[in-house]
Every structure is written in structure tokens, then in C-alpha cells.
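The values are calculated or read from the model by the stated rules, or taken from the named source; none is laboratory data. Remember, it's a predicted structure, so these values are computed and weren't measured experimentally. Counting neighbours? That spans all protein chains shown, and the Cβs are built from the backbone with ideal geometry, glycine included.
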Amino acid sequence: MGDSAAVKILKKHLVEGEPVKGQECAIRIDQTLTQDATGTMAYLQFEALGVPRVKTELSVSYVDHNTAQEDFKNPDDHRYLQSIAAKYGIKFSRPGNGICHQVHLERFARPGRTLLGSDSHTPTAGGVGSIAIGAGGLDVAFAMAGLPFHLKFPAIINIHLTGKLSPFVSAKDVILAVLQKLGVNGGLNKVIEYTGPGVKTLSVPDRATITNMGAETGATTSVFPSDEITLAFLKAQDREKDWEEILPDADAEYDEVVEINLSELEPMAATPHSPGNISAIKDIEGLEVQQVCIGSCTNSSLRDLRTVAALLKGRTVHPGCSLVISPGSRQVFRELADSGDLGVLIGAGARILECTCGPCIGQGQAPPSAGVSVRTFNRNFEGRSGTKDGKLYLVSPETAAATAVFGKLTDPRKLGEMPEIKLPESFLVDDSMILEPSDNPDGIEILRGPNIAPLPMKDPLEEVITGEVLLKTGDNITTDHIMPAGKYLPLRSNVPEYAKHVFEGVDKDFADRAKAKGGGFIIGGNAYGQGSSREHAALCPMYLGVKAVIVKSFARIHLKNLINFGIVPFEFVNAEDYDRIEQGDKLEVRVIPFEKEMVLKNVSKNLEFTIRPMIVSQRDIEILKAGGELAFTKSGS
């Protein structure tokens, strides 16, 4: 049997292990990206490795998250990031240049390359045929140092597309249909690869929307073939030389096949509070909406915003509704301005925001109390918007535009005839806001503000872990639950301060209790740690003394981050044992020597359970014993 496109790229980059599903392997990383919310910690970790210059083909540091600059913290971090980039051989995308995934797609993503990014939506670059994986900042730091990235060799899901999208149905509806079929856990340790005649009907911006939000299935990444559609996009970006054809073999073998007929799809929405809660718009329309947000790394391309402008032309935003728009990049913003589309949007009553993540990560534009916000974003977790009781619906740009006009969740087909959307044959290319690294790195001073705290480290693992259950959670705990973002993003470079807010929205006393008890255990349900790649969801609990997390199942990136920072991850062998442990119970488990299954003692209730450490290899064991991957690597292991 032949190989899929994803397997071809993975095999080409394999440096350890075999291409066998489920086995640990390691791949060479060609490119990395960071953003400022995760980048400061990633570069502190890179500095600790003592490597004089990055060893990747390309590394880019983007500033797109913490741009509010309400005090000195954000601008200090940005100065640090700029000086680090200049010294260590990293391109620096300045504030205002755009959202990392959109800019990287436009200017740097290449077919057949591997990309590791400290942001869970790094798979956006799969829209041009890259194997692009989101990871914790520590993994990215190691990749910049020339070390391989370790992962389980993934299973490959083939999403076979036929037909063609109908008017007012777009790429967002495709990925919502995928989520409807796979759910938020169906992609775990898998790569989603798109094939079939329907692929040829989708532009690169369409494909990037789909691969971006594939992260919500828990997938390692998503990828489209690199074909003539890809070539046309790269040529329009004056990057024709970056193209190469990447296609699956005619007899490619897949682990699963999911059929989707694009012609049968209709406008859809993810309803509160999960990207996996999918409904057809026609079944839920009529809901009054107080806010519409268009943009984010999922739907802020020129194609998306030009569509919105065409639908809003001659119309006005409903008086009971606020419409905000975040262009994905400076290129998109300028194209909108030069074409007159920006004037149309402003004339319709839209409020134009910076080319940043903004409302998607809770940085401004929170909805009113108990308000309904319809967004073209990728996540709608409870409280993520900054309003605890806000209700977030995720939709396409077409549905968002119709909703803004009528002030109610509306099927966009009610707007009449779909206008034809044309993209330029050549995009406006201006990379002047991307700074090249210095030719004289020895002359660069690293600028550190007072909010940049020293990197915390963990002691080596004890043979027996003991402690209280500090918190027991339910299913679908996200990294937003563990480490809230929004107003706390400026604290990302100061772990002692940021750690004060661990689990704040779940249990406001958690941080104080963890410190008072000298650390302990966390008990959780299914899909623990889904969502953002933020390593602080492991780093800050480690700082508070959390020794182990025991759950029914983990999300991929968070599981890796726990190991990276020396917190032992366990899953219950028998899920019903979850019900026999309560907050405050004293637990004990002997972890050295590591076994495939271990005995967990509930000392308070005189009970014993069987749990399994969620480790892939002997290397994971040695990392945990050392107290985390940084200590393990610096020891020369």
C-alpha cells in the first residue's frame, strides 16, 4: 500500500523510531513560531540551553496576543522578545503586523516542511501542505536548539471530500461538520488528511480555516495536499519558489475514512460551551445576539473579510448588536483599505480592531452579562470571552454578517443572492514589519523588564508521591480553566505571580490551598487539558507543588506539557474509581520503579486503585525522574 501525504512528510523528517502507529518517534523540525503570550517563557527556556544561535531553517517570533499595553508589562516583554530575536537568529514580526498563523501562512509556510509552534492553532499551515504541530513553549525551545520533537507516530484519518459548497456555505461549515463527526477527542494522536475531488474546490484560505480548527478535535495536526491551488496561492504571495507538489499515493492507506459531501452541507454553529456542540443554523436561528466578532486566526483572511464587506454593502449593523472586526494581517488590512472594502465595513457600522487575536483570547470586547456573542473564532469555552456567563456561538463569516444585520442568529441564505468574491492575482507584499536578526549578535543586549521572573525548576521525582487531593474536576477541563488568559496574559513571564490564578474560575482558593498543603494531586475527568497549548497550565501548577494529575483521559498537548515540567500524568484503569476519590483525601503512589500499572492508595478511605502512567517511552520516565525536560536535557541525558 502507498503512503498518505502526511506520512510522506513525516517519514522524510523521521530521525528516531519507526513509522508505526502508536510508537514513539522523533522528527526533525524545519520551522518554529512563537507568539508573545507563550514566547517569553519559551525564549527564557531557550536561553537556559546555552545555544548561541537557532538551528532551524526558519524561526519567527510574533507579537499578536498581548498588545493592550495597559502598563509596562507587555511593552517590556516585547522589547525582550525583539532583543532575543535579534541576538539568536530569529525573525521578529512587530506588533500590528498580524496574527502569527495568518502571517505565517502568507509569508513563510511551505509545503513538505515541518513547523512546530507554541500555539495550538499552528496546524493552520497545513493548508499549504505543511506538517504543522502545536506544542508547549519548551518543546519549541528545544526545536530551535536543533533537537527533534518526540511524539507518537499518528494514525491518519482521511476526510474524503466530494461535491462543492453551496452559496453561503463556507470552510467554517466544513470543519464544524468534521467536529460533528469526530467530536473534541476524535483526533487524539491522529493526523487529519483531506483528499477527494472536493479538495480542488477549496482555496488555500479555505483549507487553512479547516486545518486551523482541526485542533479542536484533539488532532496532532491536519493537512491538505500541495497542488496547483497551493501553487497559485504561493505565486500570488510572490513565493512560487517555495512550492513543491505533495500528494498522497493513489493507493494510500488510511486508518479511518470519513466521507463528507460538500454539496450537502449547510450553515452551522458550535453552541455553548464547546466547539463540539454542533447545530444547524436553521434549527437554532432567531436567538437575540448582542455582539458579533469577526476575525481570529480561523477566519480573518482577505477572502473572509471581503465576503463580509460584500454582504454588508448597503446595510447597517442592527442597533441592538455590536460588530467588531479584526483583520488577520497587515496585508489583509491594506488590501481591504485599497479596494474600498474597509470603507464599506466602517460605513455599515463595524468597529475595526487591531490585527491581533483580541477578543478570541479575552483581550477586550467581552459580551454583556449573560449576553450572546456570535464569533468566527475557534473556541467558545465558558468564561474565555471575559464574561463568565457569556454564551458564545462559533459560525462562518457569512452567518456572522447576517446575524449582525438582523440582530438575531440568522441563516445567511436569507440575505438573498451570494455576491461573487474575487481575490487578487497578486497580493500586496510588504515585509517591512518583519525584522531580520542582527548580523552582530555579540553586540545585542537582552532587555529584561522587572516583570520577567527567573525560570522556575522542579526537584527530581520522589520514589513515593504523597499528598492531598487539592481539587477534583469534571470532564472537559480546558487550559483556560486551569490558567485563565485575558487580563492575566501580561503575567505569562512571571510564574510566581501568574500561579496565584491557577484554577481561579473553578475554585478561587486553589492556589492558596496548594501552597498551604505543600502541593498534592489533581483528579479530573475526560479530555483534561483540552484547548490552548499554554504550557503555563502545567508550569504554574508545578510551581504550586502539584505532583501528579490523575484523570480519565488527557488532551495531547497538555499531557506532553505535564511530563515536560515533571508532573506525573496518570489515567484511571477503571473509570469508576474516579467516583471513589474526593477533594481532601490523602493519596499515596510509589512511582519508582515505573510500571505499566501502579497502585494508588487512598489513605483517607483505606482503598486501593489501579492507575497507569501516561508515558510513551523510557525517555519520558527519565524526564520525570529528573524533574522535567529542561533538567533532563541540561544534565546531558
statement: Residue hits (the range 537-571; assigned to a helix (DSSP H, G or I), within 15 Å of LEU630 (Cα to Cα) and touching a residue at least 60 places away in the same chain (Cβ under 8 Å)) are ALA538, LEU539, MET542, TYR543, LYS560, ASN561, ILE563, ASN564
- prompt: Before we move on, is VAL591 among the hydrophobic types (A, V, I, L, M, F, W, C), closer than 30 Å to HIS65 by Cα and not assigned by TED's automatic domain parsing to the domain that holds LEU151?
  reply: no
- prompt: Going through the range 56-66 one residue at a time, which ones are assigned to a loop (DSSP other than H, G, I, E, B) and either touching a residue at least 60 places away in the same chain (Cβ under 8 Å) or surrounded by fewer than 24 Cβ atoms within 10 Å (Cβ to Cβ) (or both)?
  reply: THR56, GLU57, ASP64, HIS65, ASN66
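For the structure I just gave you, tell me whether GLY198 is within 21 Å of ILE278 (Cβ to Cβ) and not basic (Lys, Arg).
Numbers: within 21 Å of ILE278 (Cβ to Cβ): yes; not basic (Lys, Arg): yes.
Criteria met by GLY198.
Can you name the residue in the range 382-394 that is assigned to a loop (DSSP other than H, G, I, E, B) and in contact (Cβ under 8 Å) with a residue 24 or more places away in the chain and, of all such residues, is farthest from ILE294 (Cα to Cα)?
LYS388
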- prompt: Residue check, PRO412 against (1) touching an Asp or Glu at 6+ places or on another chain (Cβ under 7 Å); (2) under 26 Å from LYS282 (Cα atoms); (3) surrounded by fewer than 20 Cβ atoms within 10 Å (Cβ to Cβ), all met but one. Which one?
  reply: (3)
- prompt: Picking from ASP480, ASP507, ASP459, ASP439, which residue would you name as being under 25 Å from the mean Cα position of the chain (by Cα), part of a loop (DSSP other than H, G, I, E, B) and not assigned by TED's automatic domain parsing to the domain that holds ALA366?
  reply: ASP507
task: Select from the range 395-409 the residues that are assigned to a loop (DSSP other than H, G, I, E, B) and of a type in the set (A, V, I, L, M) and write down the one among them that is nearest to ILE284 (Cα to Cα).
output: LEU409
query: If only one of GLN23, GLN69 is at positive phi and surrounded by fewer than 17 Cβ atoms within 10 Å (Cβ to Cβ), which one is it?
result: GLN69
query: Looking at the range 224-245, which of the residues that are closer than 21 Å to VAL178 by Cβ and of a type outside the set (Gly, Ala, Ser) is surrounded by the fewest Cβ atoms within 10 Å (Cβ to Cβ)?
result: ASP227
- prompt: Yes or no: PHE427 touching a strand residue (DSSP E or B) at 6+ places or on another chain (Cβ under 8 Å) and aromatic (Phe, Trp, Tyr)?
  reply: no
message: closer than 30 Å to TYR43 by Cβ and modelled with pLDDT of 95 or more: is that true of LYS625 in this structure?
response: yes
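Give GLU597, GLU622 a once-over and let me know the one that is exposed (fewer than 13 other Cβ atoms within 10 Å of the Cβ) and either hydroxyl-bearing (Ser, Thr, Tyr) or in the same structural domain as ASP475 (by TED's automatic domain parsing) (or both).
Result: GLU597 is the single residue among GLU597, GLU622 that is exposed (fewer than 13 other Cβ atoms within 10 Å of the Cβ) and either hydroxyl-bearing (Ser, Thr, Tyr) or in the same structural domain as ASP475 (by TED's automatic domain parsing) (or both).
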- prompt: Within the range 600-617, can you find the residues that are of a type in the set (A, V, I, L, M, F, W, C) and surrounded by fewer than 17 Cβ atoms within 10 Å (Cβ to Cβ)?
  reply: VAL603, LEU607
- prompt: Taking ASP480, is it among the acidic types (Asp, Glu) and at pLDDT 95 or above?
  reply: no
- line: Of those in the range 511-558 that are buried (at least 23 other Cβ atoms within 10 Å of the Cβ) and among the polar types (S, T, N, Q), the residue nearest to LEU151 (Cα to Cα) is SER533
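Collect the residues in the range 368-379 that are surrounded by fewer than 24 Cβ atoms within 10 Å (Cβ to Cβ) and either in contact with a strand residue (DSSP E or B) (Cβ under 9 Å, 6 or more places away or on another chain) or closer than 19 Å to ILE210 by Cβ (or both), keeping them in residue-number order.
PRO368, ALA370, GLY371, VAL372, listed by residue number.
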query: Given the conditions (1) assigned to a helix (DSSP H, G or I); (2) hydrophobic (A, V, I, L, M, F, W, C); (3) over 17 Å from LEU115 (Cα atoms); (4) touching a Gly at 6+ places or on another chain (Cβ under 8 Å), which single one is not true for ILE229?
result: (4)
- request: Sort through LEU342, LEU305 and tell me the only one that's farther than 19 Å from VAL395 by Cα, touching a strand residue (DSSP E or B) at 6+ places or on another chain (Cβ under 8 Å), crowded, with 19+ Cβ neighbours inside 10 Å and in the same structural domain as THR403 (by TED's automatic domain parsing).
  value: LEU342
message: Return the residues of the range 291-341 that are in contact with a Ser or Thr (Cβ under 8 Å, 6 or more places away or on another chain), within 24 Å of GLN363 (Cα to Cα) and not small (Gly, Ala, Ser); say none if nothing qualifies.
response: GLN291, VAL292, CYS293, ILE294, CYS297, THR298, ASN299, ASP304, CYS321, PRO327, VAL332
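Identify, from the list HIS104, HIS150, the residue that is under 23 Å from LEU247 (Cα atoms), touching a residue at least 60 places away in the same chain (Cβ under 8 Å), of a type outside the set (D, E, K, R) and in contact with a strand residue (DSSP E or B) (Cβ under 9 Å, 6 or more places away or on another chain).
Going through HIS104, HIS150 in turn, just one is under 23 Å from LEU247 (Cα atoms), touching a residue at least 60 places away in the same chain (Cβ under 8 Å), of a type outside the set (D, E, K, R) and in contact with a strand residue (DSSP E or B) (Cβ under 9 Å, 6 or more places away or on another chain): HIS104.
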- line: Only unsatisfied item for LEU165, checking (1) over 18 Å from GLU193 (Cα atoms); (2) surrounded by fewer than 24 Cβ atoms within 10 Å (Cβ to Cβ); (3) in contact with an Asp or Glu (Cβ under 7 Å, 6 or more places away or on another chain), is (3)
message: Please go through the range 383-405 and give me each residue that is surrounded by fewer than 21 Cβ atoms within 10 Å (Cβ to Cβ) and either modelled with pLDDT of 95 or more or farther than 18 Å from SER296 by Cβ (or both), ordered by number.
response: LYS388, ASP389, LYS391
statement: Expected output for the range 155-178 (first residue farther than 23 Å from GLU420 by Cα, partner among the charged types (D, E, K, R) and crowded, with 17+ Cβ neighbours inside 10 Å, Cβ below 6 Å, 6+ apart or cross-chain) is ALA155/LYS190; ILE156/GLU193; ILE157/LYS190; ASN158/GLU193
